[in-house]
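The values are calculated or read from the model by the stated rules, or taken from the named source; none is laboratory data. Since the structure is predicted, the reported quantities are computational estimates derived from the model, not experimental observations. Neighbour counts run over all protein chains shown; Cβ positions are idealised from the backbone, glycine included. We work out accessible area using only protein heavy atoms, side chains counted, and drop any ligands, DNA or RNA first. Shrake-Rupley method; radii C 1.70, N 1.55, O 1.52, S 1.80 Å.
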Amino acid sequence: MNATDPSKEQERQAVISSIRILTASPKSRRQLEGKLKEKGFNVKIVEKTLSCLEGEGLLNDRIYAEEGV
């Protein structure tokens, strides 16, 4: 039997949600954090997701600010 780790599944869902949110319109780290919390993701998952997105270059407050969004 191959059970899926619930925390890994939540992490995956948080990344998918983040990409959908960012595709709709650019967001700052704080804005995306708020959106993920509104969707019910816990703080630990949100922080891990944000760090991952920053590490991949998908979330960057400096670029967001420079674009004047």
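Can you confirm whether Ser17 is of a type in the set (S, T, N, Q), buried (at least 16 other Cβ atoms within 10 Å of the Cβ) and out of contact with any Pro (no Cβ under 9 Å at 6 or more places or on another chain)?
Answer is yes for this residue.
For region 27-39, enumerate the residues that are touching a residue at least 12 places away in the same chain (Cβ under 8 Å) and either open to solvent by less than 60 Å² (accessible area, probe 1.4 Å) or among the small types (Gly, Ala, Ser) (or both).
Passing the criteria: Lys27, Ser28, Arg29, Leu32, Glu33, Leu36.
Could you please give the count of residues in region 40-69 that are outside any helix (DSSP H, G or I), more than 15 Å from Glu9 (Cα to Cα) and open to solvent by 70 Å² or more (accessible area, probe 1.4 Å)?
3
Looking only at region 1-14, count every residue that is surrounded by fewer than 17 Cβ atoms within 10 Å (Cβ to Cβ) and assigned to a helix (DSSP H, G or I) and tell me the total.
The total comes to 6.
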